[in-house]
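Here is the structure we will look at.
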Amino acid sequence: MAVLLLLYLVLVFQRAVLFIETGQPIAIAMGVVLFVLPVIAAWAIGRELLFGARTEKLVRILDGEGGLPVDDLPHRASGRPIRDAADQEFPQYKAEVEAEPASWRAWFRLGLAYDASGDRRRARAALRESIRLYREAERRAA
C-alpha cells in the first residue's frame, strides 16, 4: 500500500509542477496546494514506516532476551485477542511500568497490553515512549 501511495504522490507532484508552469494565478495556486499535500503525505508515510522499523527492532531485542509476553490469550476468528481476557492481564503490565518508569521494556510490554485490550491510541503512545527511552539509553551508552 505504501508503494501505491508513493506512486500516487509522485503523480500528484507531477501535476502540481504542470499547474505551476502554466503561469495562470489560479493554476499556480492549485499547483502549490498539490505540491504541499504530497509533501505532508510523504512526511506522514515516512514517520509511520520509521515507527514500524523502530518497534520491530525492539521486538527483535525483547524476543532475543525472552522478554516478550507469552500470547496465551483466547482469540477471535479474526486473530484479535478477546478484550475481556486481555483486560484481566493489563494490570500486570501497568504495575511493571509504575515500578520501572524508565524501562523501555516495561513500556513496550504495556503498549502490547493496550493493543490487546483494543486501545490503539494508548498502545501507540506507550510504544513511542518505549522507543524514546530506548534511544536515550543508547545515547547514554555511546
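The values are calculated or read from the model by the stated rules, or taken from the named source; none is laboratory data. Keep in mind that what you see is a predicted model, and the values were worked out from it rather than measured. Note that each Cβ is placed from the backbone with ideal geometry, even for glycine, and that neighbours are counted across all protein chains shown.
Anything in the stretch 1-43 that is among the small types (G, A, S) and either assigned to a helix (DSSP H, G or I) or in contact with a Phe, Trp or Tyr (Cβ under 7 Å, 6 or more places away or on another chain) (or both)? List them, or say none. Steps first, answer last, please.
Start the filter on the stretch 1-43 by keeping residues that are among the small types (G, A, S), which leaves 2, 16, 23, 27, 29, 31, 41-42.
Within the stretch 1-43, A2, A16, A27, A29, G31, A41, A42 qualify.
Look at the stretch 57-105 and say how many of its residues are in a helix (DSSP H, G or I) and of a type in the set (A, V, I, L, M, F, W, C). Full working, then the answer.
Step one: list which residues in the stretch 57-105 are in a helix (DSSP H, G or I), which gives 57-65, 83-99, 104-105.
Those left that are additionally of a type in the set (A, V, I, L, M, F, W, C): 58-59, 61-62, 85-86, 90, 95, 97, 99, 104.
Looking only at that region, the number is 11.
Identify the residue in the stretch 104-142 that is acidic (D, E) and surrounded by 15 or more Cβ atoms within 10 Å (Cβ to Cβ) and, among all such residues, is farthest from F51 (Cα to Cα).
First pass over the stretch 104-142, keeping only residues acidic (D, E): 115, 119, 129, 136, 138.
Okay, now just the ones that are also surrounded by 15 or more Cβ atoms within 10 Å (Cβ to Cβ), so 115, 119, 129.
Numbers: D115: 15, D119: 18, E129: 11 Å.
It comes out as D119.
Identify, by number, the condition in (1) over 19 Å from L68 (Cβ atoms); (2) in contact with a Phe, Trp or Tyr (Cβ under 6 Å, 6 or more places away or on another chain) that E98 doesn't meet.
Status for E98: all satisfied but (2).
I'm told V32 meets every condition in (1) under 23 Å from the mean Cα position of the chain (by Cα); (2) more than 21 Å from L127 (Cα to Cα); (3) not assigned by TED's automatic domain parsing to the domain that holds R124 except one. Can you identify the failing condition by its number?
The one condition V32 does not meet is (1).
Pairs only if they're at least six apart or on different chains, beta carbon under 6 angstrom, first in the stretch 66-82 and assigned by TED's automatic domain parsing to the domain that holds Q92, second loosely packed, with under 10 Cβ neighbours inside 10 Å and in a loop (DSSP other than H, G, I, E, B); list them, first residue then second.
Listed by first residue and then by second, the contacts come to I82/P74.
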